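Data first, discussion second: the structure below is written as structure tokens.
The values are calculated or read from the model by the stated rules, or taken from the named source; none is laboratory data. Being a predicted model, the structure only gives us computed values, none of them experimental. Cβ atoms come from the backbone with ideal geometry, glycine included; neighbour counts cover every protein chain shown. Note: accessible area is taken over every heavy atom of the protein model, side chains too, but ligands, DNA and RNA are not part of it. Shrake-Rupley method; radii C 1.70, N 1.55, O 1.52, S 1.80 Å.
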Amino acid sequence: PNTQHNMSGGGVRLNGVSVVKILLHASRHSYSIVSGVLVGRKGGDNVIVVEDAFPLAHTNVLAPMFEVAMMQIEEYIGKGSQIVGYYCGNELLDDTKPNLITKRIADKIATETPHACLLMIGNRKLGTLSNEVVPFELYSKHGSEWKVSSSSSPSSGSQQVEITDLTVMDKVAVYISSTSSKGAGNKQQPHAPSVVDFDTHFDDVSKDWTNSHINKLVDTK
Amino acid sequence: MASHTSPVHVPEDKVQKYIDAAERSKSWTNMRDLLYYLRRSRQRRSELVVRYGVPLLDQYSSKLGSECWDYYEQVFIASLDGPDQTISERYLDILKKQFPGSVRVRKLSAMLCEAQGRHAEASALYWAILQEDPADAFAMKRQIATFKARGDVANAIDLTNTYLQIFMGDVEAWSELASLYLGQGQLKQAASCYEELILSAPQNYLYYLRYAEIVYTMGGTENFRLARKYYAHSLELNERNNVRALYGLAACTYALSSVHQGHRRGGGSSAPDKDELGGDLAVYAVERLTQAYTAAGVPELGRVSKSGFERMRTEAQKKS
């Protein structure tokens, strides 16, 4: 029998569009910390089903912008969905632990949504994206601390972080390589879709923080 | 390290014109022009610099004359951002041959160490340079970078403070220090950096904005009121394109009304002022925001913003 050790017992399941947005956001601002909000619902078995992601910032997140962004995201997603977690990718390559501010924000989200998840991006894994590697690490709240969720035993067959549509990883890998020096200026390569976070939006409100163009892109494949 | 002239702002479409020109004809003058403008505008577009700079230098360096060394340096630095370090090593060797023993080239060597993850080695090289010239700003800043890269935030903060005692006019360094403090959750210290920046440039609306954001994050009635003042002043300095200040003003009003609702039973802090009771500032801010969204051609986003604030207002009132 598989004993659940953590509050977010059943792990996290990410759909294609949320993964694309998270990874493109990280790739777009590879020189800084990136963070964003995960949206979805609670599935059966205590699994968190993530259906979309809203990139928040590529700077240190401060309260006023966080509150304003959360307010708009909640308004946008309506009653059928809720904010279920937070993702973050640190600035340094081998730094995959949430810092103080990240933990405080995750705490805030967890007060609204118990069992909310904190997803840290595994920076090194971004260099070798494939449809076999999940480049995220799940943190769950144990008491007052955020701890890495231990992997379930292999016999249970479930991963802590699951990506429902792994084929998007190939697509994202292509997008990311189009921004490298080999791809830059190369008109044959498909261009990475732009990804807008609230930081960018507040500098220019004509930029769409919902990134609905990415939803359309992924849904039509 | 590159030119010490202030950055020339090159709009994106202008850069695109240079890219298109270089792509179309692949003539060396077009490639050179692209690199020159990227260098002057100090944009970090490393992938472009490498893509066009390498063929430029490998095939046309003789045509560049004595200017070629600036380009070698530029492409070397850009190549450090990419995965292929053989280019970096090759160009560093060329520069070393041309300028043996040069301090400037020693700094480039140290940067290569950094790019290859050899931070301790880079650090030793920078310390050696600082021994010879304790006021070498570039070496000191790179040294701070090696601390950051090794996750040694304490030393990064210390050295940045030392640097600022010498170069107190370096506004980027003050911002960097604030950012380091924020990463550690040291909001008060981060705020004091922005106090310095405001003193140095009291007409710069951005500094008031950042100060307000930090102070708001610290929380509490006095800080919300302080933030409100600074958001208002930022808006005075820049009315046309200051969405963050508008959002900030609205947020302050709701934060203050929430605090007051909470305190009413406890009879806590000083009496709420007219704005905190009536929320006129918030109404004004939301109205201006709606206009800004409409003017930008995205009224639907403006609607989300407006109805979101409506909900915030009713929730703040409910708490009474």
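Of the solvent-accessible surface of the protein assembly as shown, computed with a 1.4 Å probe and all protein chains present, 52% belongs to carbon and sulfur. Extension gain, B:A137 to B:D84, is 16.2 nm, computed as 0.36 nm per intervening residue step minus the present C-alpha separation. Note on chain A: Rg/Rh from C-alpha atoms, Kirkwood Rh, equals 0.95.
Other protein chain C-beta atoms within 10 Å of residue C-beta, averaged over A:39-48: 0.
Shown here: the protein assembly as shown, whose C-alpha atoms stretch 77, 61, 45 Å along the first, second and third principal axes, sorted largest to smallest.
Computed over the Cα atoms of the range B:1-147, the ratio of the radius of gyration to the Kirkwood radius (Rg/Rh) comes to 0.98.
A dipole drawn for the range B:29-173 from +1 and -1 charges on Cβ atoms has a positive end, and of B:F147, B:H119, B:T86 the residue lying farthest that way is B:T86.
When the P(r) is computed for the range B:45-115, the part past 19 Å accounts for 26% of the Cα-Cα pairs. When both the range B:131-151 and the range B:178-221 are represented by their alpha-carbon centers, they are found 24 Å apart.
Label-to-label distance, A:E145 versus B:I94, with points set 7 angstrom from Cα along the beta-carbon direction: 5.4 nm.
Applying D = kT/(6 pi eta Rh) to chain B, where Rh is the Kirkwood radius over alpha-carbon pairs, T corresponds to 10 °C and eta to 1.306 mPa s, the Stokes-Einstein value obtained is 68 µm²/s.
A probe of 1.4 angstrom, applied to the heavy atoms of all protein chains, finds A:M120 with accessible area near 0 square angstrom. Quick one: which of B:K188/B:K318; A:K103/B:K188; A:K125/A:K147; A:K21/B:K26; A:K108/B:K141; A:K79/A:K125 span more than 26 angstrom between C-alpha atoms? Result: B:K188/B:K318; A:K21/B:K26; A:K108/B:K141; A:K79/A:K125 exceed 26 Å.
Using just the alpha carbons, could you tell me how many Å³ per residue the convex hull of the range B:161-225 encloses? Convex hull of Cα atoms, per residue: 78 Å³. Our summary of shape: the Cα atoms of the range B:93-195 have principal axis extents of 49, 27, 20 Å, ordered from largest down, in whole angstrom. Both radii come from the Cα set of the range B:134-274: Rg as radius of gyration, Rh as Kirkwood radius; their ratio Rg/Rh reads 1.07. Each pair of Cα atoms in the range A:6-122 enters the Kirkwood radius, and Stokes-Einstein at 20 °C and 1.002 mPa s then converts it into a translational diffusion coefficient of 151 µm²/s. Secondary-structure-derived ellipticity at 222 nm for the protein assembly as shown, considering helices only, amounts to -19000 deg cm²/dmol, per-run term -39500 (n - 2.57) for DSSP H runs with n ≥ 4.
Between B:D20 and B:W127, the simple label model (points 7 Å from Cα in the Cβ direction) yields a spacing of 5.3 nm.
Using the Cβ-Cβ distance between B:Q184 and B:S62 with R0 = 41 Å, the FRET efficiency computed as 1/(1 + (r/R0)^6) comes to roughly 0.20.
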